[in-house]
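Inspection log for the structure reproduced underneath, given as structure tokens.
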Amino acid sequence: MSTGPDTNEPRYEGPDPFLQGVTVKWAAYLETLPPVPRSIDAVLAKLPASFRGTSVDGDWRGRGETLLKALARWWRMAIQMPTDEQVRQQIADIESGKLVTVPAEEVFPELVEQRAVWEARSKAEKQTDREKLWRERGERDEERNELSRHYLEQLKDLAAVERTFITHMNADRERHCPTPPA
């Protein structure tokens, strides 16, 4: 049984070419999902429009093994995509309270620690940090404004040099061109 470079979990080695290279657990999970036909049209129909852009189109230009690998990769993505109706229903369920959402702190426990550290600080410390951030932002803005002023001065100097050059060219042209007879 082979393992992948990023994990020691065993890899699928069955006959299905669309599952080759994935972990055994993932292959078992994918086999439980509603089937998606293994054709380019079916995969594209299942993917959201944002996925059907040039990144997907370029993959379909391959032949043989290259095309099979691309189709398998996008099929694995498509089979996991919810339908538009499922997404609409999920949104409606969340908004109505039917679908329980998980607080961010449960997903990212470090947020609890960060919030606790922030809350433990005094108002004066928080205010000092805010003032420091505003001061740094002001300094960056001033630096950017100074660069913009310098750039505009260079453009004015360049425009002045160009006007001088054009004036001299016109003067030279008038000196060397005879005046037409009246």
Residue match in the range 89-101 (condition: in contact with a helix residue (DSSP H, G or I) (Cβ under 9 Å, 6 or more places away or on another chain) and surrounded by 12 or more Cβ atoms within 10 Å (Cβ to Cβ)): yes
Residue tally, condition modelled with pLDDT of 85 or more and either in contact with a Cys (Cβ under 9 Å, 6 or more places away or on another chain) or assigned to a strand (DSSP E or B) (or both), over the range 1-33: 3
Selection status of THR128, within 35 Å of the chain's Cα centre (by Cα), closer than 30 Å to ASP16 by Cβ and surrounded by 10 or more Cβ atoms within 10 Å (Cβ to Cβ): no
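The values are calculated or read from the model by the stated rules, or taken from the named source; none is laboratory data. What you see is a predicted model; the values in this text were computed from it and never measured. FYI the Cβ positions are ideal-geometry reconstructions off the backbone, even for glycines, and counts take in every protein chain you see.
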